[in-house]
Amino acid sequence: MKLIHSLFALALVAGAAGAARAQSPHSAPRQGAPGAQVPNTGKVVTVIDVPQYTYIEVEQADKKTVWIAAPTVKVKKGDLIRFDVQMEMNDFTSSTLKRTFKRILFVGRVTQATEKV
């Protein structure tokens with residue numbers, strides 16, 4: 001269990017290091033060129049903020065939803081976002097939320113989508 005938490009922290013720290021240069025904590029998602037280094041898109045369905053992270057349930061083009069975990073970012077239900085995937089985990093338990101996610105994608109950054117998803 002400690003290994004999973006360590007891997008999660010390492011993935012988010014590595015992603016956050018690059019994202020921190022471009023986006024300060026608690027800032028709105030950056031606007032960027034469509035698809036520029038953030039190839040995944042979706043519409044925000046649910047947002048859960050915890051210290052240092054934001055969990056976002058995203059509806060993708062195929063209407064299926066997926067949970068992503070990102071360094072803290074301000075998004076709201078209905079926002080169209082882009083995100084990069086750094087790591088996928090199955091049956092991940094968040095000790096902070098006391099919840100297990102069947103599948104979750106850990107991402108380094110979230111940006112505002114400029115095109116319709």
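Filtered by the rule that a residue be more than 13 Å from the chain's Cα centre (by Cα) and among the polar types (S, T, N, Q), the stretch 68-90 gives a lone residue, ASN90. Quick check on the stretch 52-66. Is at least one of its residues under 19 Å from LYS102 (Cβ atoms), at pLDDT below 50 and outside any helix (DSSP H, G or I)? Among the residues of the stretch 52-66, not one is under 19 Å from LYS102 (Cβ atoms), at pLDDT below 50 and outside any helix (DSSP H, G or I), which makes the answer no. Could you tell me which residue of the stretch 33-49 is modelled with the highest pLDDT, considering only residues that are assigned to a loop (DSSP other than H, G, I, E, B) and either aliphatic (A, V, I, L, M) or in contact with a Pro (Cβ under 6 Å, 6 or more places away or on another chain) (or both)? The selected residue is VAL38. When the stretch 94-117 is filtered for residues that are in a strand (DSSP E or B), among the β-branched types (Val, Ile, Thr) and in contact (Cβ under 8 Å) with a residue 60 or more places away in the chain, the ones remaining, listed by number, are VAL107, VAL110, THR111.
The values are calculated or read from the model by the stated rules, or taken from the named source; none is laboratory data. Just so it is clear, the model here is predicted, and its values are computed rather than measured. Cβ: placed from backbone, ideal geometry, glycine included. Neighbour counts: every protein chain shown.
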